[in-house]
Amino acid sequence: MPAPSPRLPKISVIQSFKVAAELGSLAKAAAQLALTPAAVSQQIRQLEEQLGSTLFVRTQSGVMLTEMGKEYLRYVTEAFDILHLGQQNLRHAASAPRLTLYSLPALASKWLLPNIAQWRAHCPEIDLSLHGTHTQVDFNATPADFVICFGEDRYPQLDKQLLFLDEVLPVASPALLHRFAGMDVLQHAPLIHLDWGNEGRFLPDWRSWFQTKGIDDAPPQPSFSFNLTSLAIDAAVAGAGLLLGQRRLIANELARGELVVVDPLSLPLSKPYFLAWPQRSLSQPGSAALIHWLTQLAG
């Protein structure tokens, strides 16, 4: 058999293979596809030559897949399933207007998600798709309509709406406070650190908090370090240590009593959060409502 071709077979040829494999008959496949059995047989031969593999064994009752044919059918079935799913999604997108909002993951899960049901009440006719990402959003390569970003420097060409300037304050779980009862928890409990990489310089850390508190010689304490804010919050709730938590992101944990404020001293982040968008997004149905809703939520 000739060497396999790197080109993809025609979709009509793949479809003939799929139908013949499912029906176990070239004649039945031809009838379903409104072709002649000879045409289907010719398509199968072309496909086998292009793949460099025998896909069917001819029998008296029809055709039977070879092992290579069975393997190829799995790929073909998965590909057709994806095509059908894409078609359904496109139909849904055409019938139901949708806005796509990108956000930092912790902001999406800890601030937006607890309030997401309000969007349906605020704008019931527009679907909202929420994506969490740390990477710079390319509005030309993604379906993004809006992005919530930390600071306004990352998207200098986009229109923006100030949302809020957050602050951090020391919090701990009741279980941790119970373990250190009778002791100065700030001096003895493990500390939870956040590593934001280059953005870390805009987030107050424990060293700056202790200095502001007037404690310049804080003793070394065991610690945990996380690169995701949501992980750090979950670790604090689990009693792993003290956390300088962002007030907006731990609001629900404080309300539920899962975290408790250890000291009232708070420090502001060096940059606020913004909602940003390209001009074209304003032509999308519901865009003005989304800007208004997020501004209200941040107020």
- Item | Members of segment 1-16 that are hydrophobic (A, V, I, L, M, F, W, C), in contact with a helix residue (DSSP H, G or I) (Cβ under 8 Å, 6 or more places away or on another chain) and modelled with pLDDT of 90 or more | 13, 14
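For segment 162-173, indicate whether the set of residues that are open to solvent by 60 Å² or more (accessible area, probe 1.4 Å) and not aliphatic (A, V, I, L, M) is non-empty.
The answer is no, given that none of the residues of segment 162-173 is open to solvent by 60 Å² or more (accessible area, probe 1.4 Å) and not aliphatic (A, V, I, L, M).
Do we find that residue 24 is out of contact with any helix residue (DSSP H, G or I) (no Cβ under 9 Å at 6 or more places or on another chain), at positive phi and open to solvent by less than 60 Å² (accessible area, probe 1.4 Å) in this structure?
yes
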- Task: Could you pull out every one of the strands (runs of 3 or more DSSP E) wholly within segment 40-149 that has 2 or more residues that are in contact (Cβ under 8 Å) with a residue 24 or more places away in the chain?
- Result: 62-65, 98-103, 127-132
- Selection from segment 212-228 of residues surrounded by 13 or more Cβ atoms within 10 Å (Cβ to Cβ) and touching a residue at least 40 places away in the same chain (Cβ under 8 Å) yields 213, 228
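Using the structure shown, decide if residue 265 is among the aliphatic types (A, V, I, L, M), touching a residue at least 24 places away in the same chain (Cβ under 8 Å) and surrounded by 20 or more Cβ atoms within 10 Å (Cβ to Cβ).
So residue 265 does not fit the description; no.
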- residue 231 vs (1) open to solvent by 20 Å² or more (accessible area, probe 1.4 Å); (2) among the hydrophobic types (A, V, I, L, M, F, W, C); (3) touching an Asp or Glu at 6+ places or on another chain (Cβ under 8 Å): all pass except (3)
- Task: Run residue 130 past the list (1) open to solvent by 50 Å² or more (accessible area, probe 1.4 Å); (2) over 24 Å from residue 292 (Cα atoms); (3) in contact with a helix residue (DSSP H, G or I) (Cβ under 8 Å, 6 or more places away or on another chain); (4) hydrophobic (A, V, I, L, M, F, W, C) and report the number of the one that doesn't hold.
- Result: (2)
- Query: Quick check: anything in segment 202-210 open to solvent by less than 50 Å² (accessible area, probe 1.4 Å) and of a type in the set (A, V, I, L, M)?
  - Reply: yes
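The values are calculated or read from the model by the stated rules, or taken from the named source; none is laboratory data. Predicted, not measured: the structure shown is a model, and the values here were computed from it. Note that each Cβ is placed from the backbone with ideal geometry, even for glycine, and that neighbours are counted across all protein chains shown. Accessible surface areas use protein heavy atoms only, side chains included; no ligands, DNA or RNA. Shrake-Rupley method; radii C 1.70, N 1.55, O 1.52, S 1.80 Å.
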